[in-house]
Amino acid sequence: MKLLDLLYETGIKCPMDMQDTEITGIAIDSRKVKKGNLFVCMKGYQTDGHIYAIEAAFHGAAAVVTQDEFIVELKSIPILETTDTRKALSQIAKNFYGDPSRQMTVFAITGTNGKTTTTYMLKAILEETDHLCGVIGTVGYRFGDKEYESSRTTPESFELQRMFCEMQQEGIKHCAMEVSSHGLALHRVDDVWFSYTAFTNLTQDHMDFHSSEEDYYQAKKTLFHIGNSVSTVNIDDAYGNRLYEELKDEGKEVYSYSLQNSNADFYGEMISNDVNGVVCFPSWRKPWKTNLKNTRIIYFI
């Protein structure tokens, strides 16, 4: 892809003499740079990608994207400046892979507990109705015959867009993925088009990353403002009930689900809960909008 097209809507200025430069891929690890790649410098917990820009150039990077003041001079390749390389990486990845999630149905699940269970329940339901479904989350990234080891619950934006592109190529049009608070706060899913989003619950966690429980909640809430998804929220959880009311007040299309409140949009009356599994008698007050013919999807955590 030409550099000018790759930088579309990123706000990054492309040098006139570089506009037609072919970019062969995206890298954030200088050790993995290949000739013609665009290297994006990102500040991590333990190191700063900016200090590896020279190594990236040595390995054949065509250009380097930086943020803040970059004092190392690279005469061989251009330095492209932005205010936030994580946000820029998300946009660049979307452009490079052709915005694949727009042509898919992507289910995003966030919450402290229950994300993995919910994604695999969705996968099972969808595939029972002959809809191939990929899964991205804590225990791995799986679709078709491919399986990648999971280094983090929500992969980096360019890895995520690459996987969506691979799913499309294999005819997989659905994906159920876990979206962590880290993934949201670090802009990994900024440019994913979510069709449906769900909130399971929120308990105190990741206080090494978030400044407070409120900060943790606000990071989770970010998911429901990406794109224009239809949302379901567990109102048995205190934060879920708050989220449901806030999203309603904001005019979002949101549905409640509950095992305790029979007035919820989706209510499950517990029939049994033992080593053989959980059996609920479901009922719903509103029609569930879905683009899957003759299919209703209900899940409770």
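None of the figures in this text is laboratory data; all of them are computed from the coordinates on show. Because the structure is a prediction, the values reported are computed rather than measured. Positions of Cβ are generated from backbone atoms using ideal geometry, with glycine treated the same way; all protein chains shown enter the neighbour counts.
Put the Cα centre of segment 204-252 next to the Cα centre of segment 140-163 and the gap is 24 Å.
For segment 260-267, the Karplus equation 6.51 cos²θ - 1.76 cosθ + 1.60, evaluated at θ = phi - 60°, returns couplings of 10, 9, 5, 8, 5, 4, 10, 10 Hz by residue, with Gly and Pro reported as x.
Modelled this way, with points 7 Å down the Cα-to-C-beta line, the labels at ASN261 and GLN19 are 5.5 nm from one another.
Placing dummy labels 7 Å off each Cα toward the beta-carbon, the span from CYS280 to ARG31 is 4.4 nm. The trypsin sites (Lys or Arg not before Pro) of segment 177-265 include none that meets both criteria, a DSSP state outside H, G, I, E and B (loop) and at most 14 other C-beta atoms within 10 angstrom of the site's C-beta. A DSSP coil position with no more than 10 other Cβ atoms inside 10 Å describes the following GluC sites (Glu not before Pro) in segment 115-197: GLU149. Segment SER272..GLU147, full-extension length gain: 41.6 nm, with 0.36 nm per residue of separation and the alpha-carbon distance subtracted. For SER150, the residues whose modelled amide H falls within less than 5 Å of its own, excluding neighbours fewer than 5 places apart on the same chain, are GLY140, TYR141.
Put simply, the amide H of GLY134, placed in the peptide plane, has neighbours under 5 Å in HIS174, CYS175, ALA176, leaving out anything fewer than 5 places away on its chain.
Report the residues of segment 2-22 in range of a label on ASP99: point 7 Å along Cα→C-beta, backbone N strictly under 16 Å from it. Backbone N within reach: 5-11. Which entries in the list LYS115/LYS220; LYS32/LYS220; LYS87/LYS146; LYS146/LYS173 go over 24 Å, if you measure between the two C-alpha atoms of each? Those over the limit are LYS32/LYS220; LYS87/LYS146. With θ taken as phi - 60° and the Karplus curve 6.51 cos²θ - 1.76 cosθ + 1.60 applied, the whole-hertz 3J(HN,Hα) list for segment 159-175 is 5, 5, 5, 4, 5, 4, 5, 5, 4, 4, 4, 9, x, 8, 10, 10, 8 Hz, x standing for glycine and proline. Look at the alpha carbon pairs under 8 Å that are at least 6 residues apart: their mean separation over the length of the chain gives a relative contact order of 13 percent. Comparing GLY251, GLY11, GLY134 in a Gaussian network model of the chain where C-alpha atoms under 10 Å apart are linked, the largest mean-square fluctuation is found at GLY251. For SER180, the residues whose amide H sits under 5 Å from its own are THR154, ignoring neighbours fewer than 5 places away on the same chain, with H placed 1.01 Å from N. Note on the chain: antiparallel DSSP beta bridges, both residues inside, total approximately 35 percent of the bridges counted. Loop-located GluC sites (Glu not before Pro) in segment 1-103 (DSSP state other than H, G, I, E, B) with a sparse environment of at most 11 neighbouring Cβ atoms within 10 Å: GLU9, GLU69, GLU73. For segment 105-118, backbone phi angles converted through the Karplus equation (6.51, -1.76, 1.60; θ = phi - 60°) give residue-by-residue couplings of 10, 10, 9, 10, 10, 10, x, 6, 10, x, 5, 4, 4, 5 Hz, Gly and Pro being listed as x. Per residue, the convex hull around the alpha carbon atoms of segment 28-187 comes to 118 Å³.
Which percent, nearest 5, of DSSP beta bridges in segment 21-135 are antiparallel? Show your work: numbers first, answer last.
Details: 1 of 11 bridges.
The antiparallel proportion sits near 10 percent.
Over the chain, what portion of Cα pair distances is larger than 24 Å, expressed as a whole percent? When every Cα pair of the chain is considered, 55 percent fall beyond 24 Å.
Running a GNM on the chain with Cα contacts under 10 Å, which residue among SER151, SER229, SER181 ends up with the highest mean-square fluctuation? Maximum among the listed residues: SER151.
Mind checking the dipole of the chain: about its Cα centre, +1 per Lys or Arg Cβ, -1 per Asp or Glu Cβ, Debye to the nearest 20? It would help to have the intermediate numbers written out before the result.
Working: 30 positive and 42 negative charges, 129 e Å.
Using Cβ point charges on Lys, Arg, Asp and Glu, the chain gives about 620 debye.
Average 1/r across all pairs of distinct alpha carbons in segment 3-97, invert it, and you get the Kirkwood radius: 13.0 Å. By the rule of a C-alpha distance below 16 Å, with chain neighbours fewer than 8 residues away ignored, the aspartates and glutamates paired with LYS252 are ASP265.
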